[in-house]
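Report on the following structure.
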Amino acid sequence: MMNGHTISVAVIGAGMAGRTHANAWRQATTIYDPHKLPQLRYAAICDAYEPFAQDAARAYGYDKTVTDWHEIAEDPEIDVVSIVVANALHREIALELIKAGKHVLCEKPLTDNLDDARAMAEAAAAADVVTGVGFGYRRQPGIAEIAKLAEDGALGDIVHFTGRYTCDYGADPNTPIAWRYKGPMGSGALGDVGSHLIDTAEFVCGQIKSVSGAAFATAITMRPPAVQGVSGGRGISTDAKATEKVENDDAAIFTAHFESGAVGSLAVSRITVGDPNQLEFEVSGTKAKAAFDMSRAAEIKLVDNAGARGLTGSRRILVGPDFPYFKDGSSMAFAGVGVTQIDQFTYQARAFLDQVAGIDEGLPEVPGFDHGYRAMRIQAAVAESAANGGASVDIK
């Protein structure tokens, strides 16, 4: 590992999520014990659309910008790279980076098909590098606290999980086509936001053994072409007369069957009007029930038998220093300050750097490419279930 040496980082992709990665590497040295981390050098931002790269590099203080990711792979001075581009590009970039001996943090989903995901997982297993997949919601203090309650038995035996992740970035039919709307069914809303919800469900309830009752819907079947760089799937085209076919799912729903015997109902959408970024779930056990709502990320809800007889009910518990990640992860570490999605990227970046540097800060490791491959197998099972009228499909 690289303990004691400068770590040089780069980001490939400078859209909305790429900028968030660039910021996270910057902030990672300010939390937990900053003296343990080696010095970081912020080497480069890459994006095929040069204005995005230039803007992100200027905003977050990176040394240079490039428009060809091969320059990142070929630079011997760069150690750690975030891949934050279209899913179909992940395999080629990741394999080249791993071959060059670089540590790779790849945004989810790992890629857009099982063959590529398997190749990425096998390459990571055979190399002496750290790899990770950006399932950042497991770094949310509230979600992590609920997962801890479940693991410790405070909820009893888990019986049922109900979750949804809905967004509105595709709700306007004039939103241009972009890469998110290309690829097979299962790589749309399911791959984009559903991958996060699936990982959250497994983080809280344990592994999914099979899925059933899956169905997809594509409500907006044609979209105008993009006329300039599009970030985060958002933006309005000025050429609504020319349209291209949407190839994948706007919404997906399925039932998950967990190894523990619990069942779950999961629904995702990218066209839900008025929901810019809404992940929420409720997990029920034989002793208690807990719930999380991303729009109120600074709290969780808990229902148990702690109240006086006849007065039990839902209690709001504020995220604070007793929750995972929050203590030493915030400059104002007391309940009521709040927490955002930006914080979870920072916690993830620090955990990844600790792995690279060989530092034990007590943070769980970032899930590797093998975990990303498993997540892709679950998505593939959902797509198979939907293609066969909702039939039950085992996770292989």
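Structure summary
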| read-out | value |
| --- | --- |
| Only Lys, Arg (+1) and Asp, Glu (-1) charged, at Cβ; segment 331-396 dipole about Cα centre in debye | 240 debye |
| Entries in 36/102; 209/287; 36/148; 108/396; 102/327; 108/245 that, when Cα-Cα distance is taken, lie over 29 Å | 102/327 |
| Centroid-to-centroid separation of segment 324-396 and segment 268-323 [C-alpha atoms, Å] | 19 Å |
| Residues whose placed amide H lies under 5 Å from that of residue 106, excluding near-sequence neighbours | 83, 132, 133, 134 |
| Under Karplus coefficients 6.51, -1.76 and 1.60, residue-wise ³J(HN,Hα) of segment 296-302 in Hz, glycine/proline x | 10, 5, 8, 8, 10, 10, 9 |
| Of all accessible heavy-atom area on the chain, the percent that carbon and sulfur account for (1.4 Å) | 49 percent |
| Dipole in debye (nearest 20) - segment 1-128, about Cα centre, beta carbon charges: Lys, Arg +1; Asp, Glu -1 | 500 debye |
| Which of 378, 305, 392, positive extreme of dipole for the chain (C-beta unit charges) | 305 |
| Å² per residue, accessible surface of segment 1-59 at 1.4 Å | 44 Å² |
| Dipole of the chain, positive direction: furthest Cα of 146, 38, 121, with charges on the beta-carbon | 146 |
| Interchain or long-range residues, amide H under 5 Å from residue 177's placed H | 226 |
| Leading residue at positive end of dipole, the chain (Cβ point charges), from 291, 222, 268 | 291 |
| Per residue accessible area of segment 126-184, 1.4 Å probe, in Å² | 34 Å² |
| Segment 244-396 - accessible surface per residue (Å², probe 1.4 Å) | 46 Å² |
| Protection proxy ranking, peptides 357-364, 19-26, average beta carbon neighbours within 10 Å, highest first | 19-26, 357-364 |
| Residue-averaged 222 nm ellipticity for the chain, from DSSP H runs of 4+ at -39500 (n - 2.57), nearest 500 | -8500 deg cm²/dmol |
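The values are calculated or read from the model by the stated rules, or taken from the named source; none is laboratory data. Since the structure is predicted, the reported quantities are computational estimates derived from the model, not experimental observations. For neighbour counting, all protein chains shown are included, and Cβ atoms are generated from backbone atoms with ideal geometry for every residue, glycine included. For the accessible areas, the whole protein counts, side chains as well, though only heavy atoms, and no ligand, DNA or RNA atoms are used. Shrake-Rupley method; radii C 1.70, N 1.55, O 1.52, S 1.80 Å.
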